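Have a look at the structure below, then the notes.
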Amino acid sequence: MKVIVIGPRGKMGKLITQVAASRDDMKLVAGIAPKGRDYVGMDLGTVAMTGSELGVPVTDDLAGVIDSCDVIIDFSTKEMAMEVLDLAIAHKKALVCGSTGFSAEEMKRFEDAGKQIPMLYAANTSKLVNIMNKLLELVTTTLKDEIDIEILEMHDQWKKDAPSGTSKEMGEIMAHALGKELSNIAVYGREGESPREPGTIGYHSLRAGNIPSSHTVFFGGMGERLEITHHSYNWECFARGACDCAAYLDGKAPGFYSIKDVLGL
Ligand SMILES: NC(=O)C1=CN([C@@H]2O[C@H](COP(=O)(O)OP(=O)(O)OC[C@H]3O[C@@H](n4cnc5c(N)ncnc54)[C@H](OP(=O)(O)O)[C@@H]3O)[C@@H](O)[C@H]2O)C=CC1
Ligand SMILES: O=C(O)C1=N[C@H](C(=O)O)C[C@H](O)C1
């Protein structure tokens, strides 16, 4: 399948380009940069450091190249995501979006896009994180209000959003398992904030150095606690997952897909 990568100089965009370039079932046809970057016009392989030239350019004109692709992979920014989404719908192209930090209204736009194009949104494309989500569902469904739930996530100092998209998704999964529509967000340890209330889910975000990604969910019971943790050592697991999501969309009918479909979870 023919692939366009948005933001090929970014941390994720670069790795996704490298993984896609190494796959026999994918052919990169362009990389998309923000308007006017000095690397526009350069070879995608050079920009994304794939080890050799790919013979396709980085451009800042998605509309001009979009018809040459089957699928777009977008891990860039939440602002760019909406522009990419509109163009994907207008040109009937499959889209994988893994960016985070969206409002409920923006998430609804992704969901609605599934009526017109094959659309896959995944806040986390690691296989192990998505298996961890099943474990969270099991513990919460089993114990309900018997336990206190706290999510601690750690990322690098450059991450723009907090809490992470993954921890918001984990909170939603567990709130749903508790029979609640929305999780209550509780933050502790700051002056003037009240102590923990029963039935809430606490979110804690830590940003330091170049930590790739860590998520721990603490289930606090009486006299015991369970901690379930995922650590990534780098961002490769997310890039591989992103390409698996794109390959999954090949030939699919319009629909709003999730990584659970890709992994059969
Ligand atoms: N779903 C998942 O599993 C994962 C999701 N993420 C999410 O992916 C997103 C990107 O993360 P990360 O790679 O760390 O971020 P970076 O800041 O490293 O990269 C973002 C890239 O987007 C590019 N960009 C910005 N605006 C535009 C635009 N208008 N058009 C085209 N490209 C644009 C930037 O270009 P330039 O370099 O020129 O400034 C940059 O290369 C975040 O939302 C993050 O949370 C991250 C890891 C895993
Ligand atoms: O920005 C990152 O790095 C990551 N972002 C995603 C998120 O917000 O959950 C996924 C992963 O944690 C890495």
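The values are calculated or read from the model by the stated rules, or taken from the named source; none is laboratory data. Remember, predicted model here, so these are calculated numbers, not experimental data. Using ideal geometry, Cβ is built from the backbone for each residue, glycine included, and neighbour counts are taken over all protein chains shown.
In the range 94-109, is there at least one residue being more than 10 Å from ligand 1 (Cβ to nearest atom), at negative phi and touching a helix residue (DSSP H, G or I) at 6+ places or on another chain (Cβ under 6 Å)?
The answer is yes, given that some residue of the range 94-109 is more than 10 Å from ligand 1 (Cβ to nearest atom), at negative phi and touching a helix residue (DSSP H, G or I) at 6+ places or on another chain (Cβ under 6 Å).
Could you grab me the full set of residues in the range 245-257 that are surrounded by fewer than 18 Cβ atoms within 10 Å (Cβ to Cβ) and not small (Gly, Ala, Ser)?
ASP250, LYS252, PRO254, PHE256
Residue check: is GLU137 out of contact with any strand residue (DSSP E or B) (no Cβ under 8 Å at 6 or more places or on another chain), modelled with pLDDT of 95 or more and away from ligand 1 (no atom under 12 Å from the Cβ)?
It is true that GLU137 is out of contact with any strand residue (DSSP E or B) (no Cβ under 8 Å at 6 or more places or on another chain), modelled with pLDDT of 95 or more and away from ligand 1 (no atom under 12 Å from the Cβ).
Which ranges mark the strands (runs of 3 or more DSSP E) fully within the range 1-115 that have 1 or more residues being touching a Phe, Trp or Tyr at 6+ places or on another chain (Cβ under 6 Å), within 16 Å of ligand 2 (Cβ to nearest atom) and in the same structural domain as ALA246 (by TED's automatic domain parsing)?
Numbers: elements: 2-6, 27-32, 71-74, 94-97.
In the range 1-115, 94-97 are the strands (runs of 3 or more DSSP E) which contain 1 or more residues that are touching a Phe, Trp or Tyr at 6+ places or on another chain (Cβ under 6 Å), within 16 Å of ligand 2 (Cβ to nearest atom) and in the same structural domain as ALA246 (by TED's automatic domain parsing).
Applying the selection to the range 81-93, what residues are of a type in the set (Val, Ile, Thr) and either free of Cβ contacts under 8 Å to residues at least 24 places away in the same chain or within 10 Å of ligand 1 (Cβ to nearest atom) (or both)?
Let us first name the residues in the range 81-93 that are of a type in the set (Val, Ile, Thr), namely 84, 89.
Scanning the range 81-93 gives a single hit, VAL84.
Condition check: surrounded by 20 or more Cβ atoms within 10 Å (Cβ to Cβ) and without any contact (Cβ under 8 Å) to a residue 60 or more places away in the chain. Does ALA20 satisfy that?
So ALA20 does not fit the description; no.
Restricting attention to the range 118-161, which residues are surrounded by 13 or more Cβ atoms within 10 Å (Cβ to Cβ), in contact with a Gly (Cβ under 8 Å, 6 or more places away or on another chain) and charged (D, E, K, R)?
Passing the criteria: LYS127, ASP148, GLU150, ASP156, ASP161.
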